[in-house]
1. Considering each residue of the stretch 19-40, count those that are part of a helix (DSSP H, G or I), out of contact with any helix residue (DSSP H, G or I) (no Cβ under 9 Å at 6 or more places or on another chain) and surrounded by 14 or more Cβ atoms within 10 Å (Cβ to Cβ), and give that number.
2. For the stretch 232-249, enumerate the residues that are part of a strand (DSSP E or B) and closer than 14 Å to V187 by Cα.
3. Looking only at residues in the stretch 81-128 that are among the polar types (S, T, N, Q) and part of a loop (DSSP other than H, G, I, E, B), which one is most open to solvent (accessible area, probe 1.4 Å)?
4. Select from the stretch 235-246 the residues that are closer than 21 Å to H183 by Cβ and open to solvent by 80 Å² or more (accessible area, probe 1.4 Å) and list them in ascending order.
5. Suppose we filter the stretch 179-196 for residues that are in a loop (DSSP other than H, G, I, E, B) and either among the basic types (K, R) or touching a strand residue (DSSP E or B) at 6+ places or on another chain (Cβ under 6 Å) (or both); how many remain?
6. Looking at A92, A165, can you tell me which residue is of a type in the set (A, V, I, L, M) and free of Cβ contacts under 8 Å to residues at least 60 places away in the same chain?
7. V167 - would you say it is assigned to a strand (DSSP E or B), buried (at least 19 other Cβ atoms within 10 Å of the Cβ), at pLDDT 95 or above and not charged (D, E, K, R)?
8. In this structure, does V140 turn out to be open to solvent by 10 Å² or more (accessible area, probe 1.4 Å), in contact with a Ser or Thr (Cβ under 6 Å, 6 or more places away or on another chain) and part of a strand (DSSP E or B)?
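The values are calculated or read from the model by the stated rules, or taken from the named source; none is laboratory data. From a predicted model like this one, the values you see are computed outputs, not experimental measurements. Because the Cβ atoms are built from the backbone with ideal geometry, glycine has one as well, and the counts that use them run over all protein chains shown. What goes into the accessible areas is simple: the full protein's heavy atoms, side chains included, and nothing from ligands, DNA or RNA. Shrake-Rupley method; radii C 1.70, N 1.55, O 1.52, S 1.80 Å.
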Amino acid sequence: MAVAAESTTATRMSAPPSFNVADFPVPHGREEEWRFTPLERLRGLHNGTAEASGSVKTAMSAPDGVTIETVPRDDARIGRAGKPVDRVAAQAFSACETASIVSVPKTTVLTEPVRVAVRGEGGVSFGHTVFDIGAFAEAVVVLDHTGAGTRSANVEVVLGEGAKATVVTLQDWDDTAVHCSQHNVLVGRDATLKHVVVTLGGGLVRISPRIAYAGPGGEAELYGLYFTNYGQHHEHRLFVDHDTPHCRSNVAYKGALQGQNAHAV
């Protein structure tokens with residue numbers, strides 16, 4: 001079991017956010033953020049050799065009132081929650097011509113979850129999804145990942161003033177799958193976020209939640225559960241940027257390992 005010591009604040013803050021792949025050097029495993037990741041198992045996601053050659057089946061369902069759009073990559077609503085902070089996330093953005101935006105109108109209180117089911121069908125695929133939760137709205141979002149293949153995707157969550165959102169992401173891939181995802185969340189003034197990561201499947205899974213605050217009074221709770229079996233590598237790298245006064249966060253990740261060459265970070 002390899003348990004990574006958290007990077008220093010200076011190291012985390014020095015990553016230059018950018019949508020441009022060329023702004024990030026190819027990692028070689030000696031960098032603090034990559035030293036526990038088996039780069040040879042990323043199938044080229046880190047060095048640009050991975051090309052979109054596969055497919056996923058994505059099924060989205062939402063209660064009445066929720067809008068689901070497919071927009072071009074240069075839509076002004078993309079990037080509000082944050083930009084990629086590593087080469088893998090930047091590559092995922094560059095490889096996507098379109099993105100999905102799921103919008104919950106202000107003051108809307110959803111009684112059923114927004115569900116996004118992604119099933120890999122082999123090969124390499126990329127994605128970008130934005131969840132826009134309007135002011136004083138309340139919503140639960142569930143992302144479920146299954147199937148096979150190599151997947152790199154960015155997820156954004158924007159919480160308006162006073163909004164409340166629970167975001168649950170489940171990684172239940174086949175044992176051969178590779179999945180990397182950066183989650184950028186912008187918590188609005190007096191808004192409340194609960195972010196839950198459950199990682200059970202996948203040969204290599206690397207999830208990077210990043211939380212920022214748009215105004216005072218924001219609250220964020222980040223919970224994680226992982227069970228890492230024989231030969232699996234599960235990595236969760238979290239960063240909460242407390243650059244806004246009177247904001248709060250709480251992080252609790254727990255997991256277990258079983259079998260030879262089971263690694264968790």
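1. The initial filter retains those residues of the stretch 19-40 that are part of a helix (DSSP H, G or I), namely 21-23, 39-40.
Add one more test, that the residue is out of contact with any helix residue (DSSP H, G or I) (no Cβ under 9 Å at 6 or more places or on another chain), and what stays is 39-40.
From what's left, surrounded by 14 or more Cβ atoms within 10 Å (Cβ to Cβ): 39.
Going through the stretch 19-40 one residue at a time, the tally reaches 1.
2. Looking only at the stretch 232-249, we keep the residues that are part of a strand (DSSP E or B), and these are 233-236, 239-241, 248-249.
Residues satisfying the conditions are F239, V240, D241, R248, S249.
3. Of everything passing the filter in the stretch 81-128, T111 is most open to solvent (accessible area, probe 1.4 Å).
4. Taking the stretch 235-246 and keeping what is closer than 21 Å to H183 by Cβ, we get 235-244.
Those that are closer than 21 Å to H183 by Cβ and open to solvent by 80 Å² or more (accessible area, probe 1.4 Å): H242, D243.
5. Going through the stretch 179-196, the residues in a loop (DSSP other than H, G, I, E, B) turn out to be 188-191.
Filter once more, keeping what is either among the basic types (K, R) or touching a strand residue (DSSP E or B) at 6+ places or on another chain (Cβ under 6 Å) (or both): 188-189, 191.
Final tally of qualifying residues: 3.
6. On the way: A92 fails: free of Cβ contacts under 8 Å to residues at least 60 places away in the same chain.
The conditions single out A165.
7. Values: assigned to a strand (DSSP E or B): yes; buried (at least 19 other Cβ atoms within 10 Å of the Cβ): yes; at pLDDT 95 or above: yes; not charged (D, E, K, R): yes.
In short, yes.
8. Working: open to solvent by 10 Å² or more (accessible area, probe 1.4 Å): yes; in contact with a Ser or Thr (Cβ under 6 Å, 6 or more places away or on another chain): yes; part of a strand (DSSP E or B): yes.
So V140 passes the test.
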